[in-house]
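**Student:** Dumping the structure here so I can ask a few things about it.
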Amino acid sequence: MDAEKLESFNGIDMVYHVENKEVSPLDWAKENQEEVKTILEKTGILLIRGFNEVNENDFGGILSLLLGAELIDYTFRSTPRTELGNKIFTATEYHQTEWIPQHNENSYSNKWPSKIGFLCKVKADKMGNTPISDSRIAYNEIPAEIREEFERKKIMYVRNYSNIDLPWEEVFQTHDKNEVEAYCKANNILAEWTPNGLRTKQINQATLVHPDTNDKLWFNQAHLFHVSNLDSELREDLIAILGEDNLPRNTYFGDGSPIDPKVLDVIREVYDKTKISFDWQENDLLLLDNMLYTHGREPFEGKRKVLVGMAKEYSLPLN
């Protein structure tokens with residue numbers, strides 16, 4: 001693999017075309033893992049294109065080689081996915097008419113994968129791309145007064161687990177309440193069993209300094225968890241039926257004060273104007289530094305199958 005042959009897309013050197021179409025993707029990964037590691041350390045992104053066929057059963061092994069670590073579990077879940085084995089999952093299974101906003105994986109938590117990889121097995125008939133955006137650019141584009149308030153106050157994520165969203169058994173991957181309580185205690189999550197099930201509150205960062213590059217990053221999911229992310233009619237119905245305290249998910253500042261939805265709209269606009277979107281080709285591999293780059297999903301028509309795996313868990317010291 002020759003890094004000099006990376007093709008630029010929207011000003012980012014990110015696309016590598018596999019020259020030998022007949023090569024086994026697993027063999028290619030074994031031969032080129034060091035070069036891929038170097039590229040990801042330098043740029044944080046790589047789209048590998050041109051394999052004839054990437055076997056789903058091999059994807060976990062391929063990804064582990066290319067990301068330089070064993071894959072990790074999807075813990076403290078926030079979206080519905082199907083686990084296919086070997087710590088490979090389907091991408092988020094929200095309805096195909098929905099946009100999934102830009103986000104860094106698990107940035108609502110105190111720990112997250114530092115690397116993430118995607119495989120396109122079936123591209124949609126129309127749309128269905130996985131837009132990406134640079135967390136460094138978001139940090140700099142978000143107005144300083146907004147950024148500074150978030151940095152000062154941090155973000156509180158409030159979740160109520162039920163069949164309206166994800167039940168706690170799916171989120172925590174257990175049916176044992178004691179295991180849930182132990183996980184929450186270990187991760188500075190306030191857990192409260194209510195007549196309706198479980199409510200959790202966790203205060204986490206709004207921004208980060210990348211541990212390797214020292215870049216300042218916008219790194220949270222305040223805009224995605226906040227009730228204003230819902231369709232207005234659905235939002236009003238849920239508040240009327242459940243009350244704000246019992247919404248499936250919501251965000252506040254870390255001191256419990258409300259976040260102005262207009263401020264979150266500014267953040268959404270920054271993501272919208274800075275994201276880039278390439279058209280998936282089947283058997284494409286997309287590798288990302290999950291701290292440097294966000295991902296999302298366009299609505300789509302027809303069938304679509306994108307798989308995902310994560311590696312190299314990173315966490316900040318607990319407060």
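The values are calculated or read from the model by the stated rules, or taken from the named source; none is laboratory data. Just so it is clear, the model here is predicted, and its values are computed rather than measured. Methodologically, a virtual Cβ is constructed for each residue, glycine included, from the backbone with ideal geometry; neighbour enumeration extends over all protein chains shown.
**Student:** For the stretch 149-182, which residues satisfy the criterion of being within 21 Å of TYR293 (Cα to Cα) and part of a helix (DSSP H, G or I)?
**Tutor:** Within the stretch 149-182, PHE150, GLU151 qualify.
**Student:** Within the stretch 160-167, can one find any residue that is under 23 Å from GLU313 (Cβ atoms) and either surrounded by fewer than 19 Cβ atoms within 10 Å (Cβ to Cβ) or in the same structural domain as ASN290 (by TED's automatic domain parsing) (or both)?
**Tutor:** Scanning the stretch 160-167 turns up at least one residue that is under 23 Å from GLU313 (Cβ atoms) and either surrounded by fewer than 19 Cβ atoms within 10 Å (Cβ to Cβ) or in the same structural domain as ASN290 (by TED's automatic domain parsing) (or both).
**Student:** To continue, here is another question. Give me the helices (runs of 4 or more DSSP H) completely within the stretch 218-319, filtered to those with at least 3 residues that are modelled with pLDDT of 95 or more and in contact with a strand residue (DSSP E or B) (Cβ under 9 Å, 6 or more places away or on another chain), ordered by residue number.
**Tutor:** Filter on the stretch 218-319 gives 222-225, 261-274.
**Student:** While we're here: So how many residues does the stretch 45-104 have that are of a type in the set (Gly, Ala, Ser) and over 25 Å from TRP28 (Cα atoms)?
**Tutor:** Residues that pass the stated criteria total 1.
**Student:** So, in the stretch 190-227, of the ones that are free of Cβ contacts under 8 Å to residues at least 24 places away in the same chain and over 19 Å from LEU238 (Cβ atoms), which residue ends up nearest to the chain's Cα centre (by Cα)?
**Tutor:** VAL209
**Student:** Something else now. Give SER133, SER107 a once-over and let me know the one that is within 28 Å of LYS303 (Cα to Cα) and buried (at least 21 other Cβ atoms within 10 Å of the Cβ).
**Tutor:** Of SER133, SER107, the one residue that is within 28 Å of LYS303 (Cα to Cα) and buried (at least 21 other Cβ atoms within 10 Å of the Cβ) is SER133.
**Student:** Which of the residues spanning the stretch 229-280 are in contact (Cβ under 8 Å) with a residue 24 or more places away in the chain, surrounded by fewer than 14 Cβ atoms within 10 Å (Cβ to Cβ) and among the small types (Gly, Ala, Ser)?
**Tutor:** GLY256, SER257
**Student:** Please indicate, with yes or no, whether at least one residue in the stretch 55-66 is assigned to a loop (DSSP other than H, G, I, E, B), more than 20 Å from the chain's Cα centre (by Cα), modelled with pLDDT under 95 and not assigned by TED's automatic domain parsing to the domain that holds ASP260.
**Tutor:** Yes: one or more hits.
**Student:** Also, quick follow-up: State which residue is nearest to PHE225 (Cα to Cα) when the search covers only the stretch 141-151 and only residues that are touching a residue at least 12 places away in the same chain (Cβ under 8 Å) and of a type outside the set (A, V, I, L, M).
**Tutor:** Ranking the candidates gives PHE150 first.
**Student:** Inside the stretch 152-184, can you point out the residues that are among the basic types (Lys, Arg) and touching a residue at least 40 places away in the same chain (Cβ under 8 Å)?
**Tutor:** LYS153, LYS154, ARG159
**Student:** Within the stretch 180-188, identify whether any single residue is at positive phi and of a type in the set (S, T, N, Q), and answer yes or no.
**Tutor:** yes
**Student:** Scan LYS121, LYS154 and give me the residue that is more than 26 Å from LEU318 (Cα to Cα), under 22 Å from the mean Cα position of the chain (by Cα), at pLDDT 95 or above and among the charged types (D, E, K, R).
**Tutor:** Sole residue among the options that is more than 26 Å from LEU318 (Cα to Cα), under 22 Å from the mean Cα position of the chain (by Cα), at pLDDT 95 or above and among the charged types (D, E, K, R): LYS121.
**Student:** Every residue in the stretch 13-26 that is surrounded by fewer than 18 Cβ atoms within 10 Å (Cβ to Cβ) and within 21 Å of LYS115 (Cβ to Cβ), please.
**Tutor:** Once the filter is applied, which keeps residues that are surrounded by fewer than 18 Cβ atoms within 10 Å (Cβ to Cβ) and within 21 Å of LYS115 (Cβ to Cβ), the stretch 13-26 yields ASP13, LEU26.
**Student:** Moving on to the next point. Looking at the structure I just gave you, is GLU70 within 24 Å of LEU316 (Cβ to Cβ) and either surrounded by fewer than 17 Cβ atoms within 10 Å (Cβ to Cβ) or outside the structural domain of LEU286 (by TED's automatic domain parsing) (or both)?
**Tutor:** Yes.
**Student:** Let me ask something else about it. Please find, among LYS121, LYS115, the residue that is surrounded by 18 or more Cβ atoms within 10 Å (Cβ to Cβ), out of contact with any Gly (no Cβ under 9 Å at 6 or more places or on another chain) and in a strand (DSSP E or B).
**Tutor:** The match here is LYS121.
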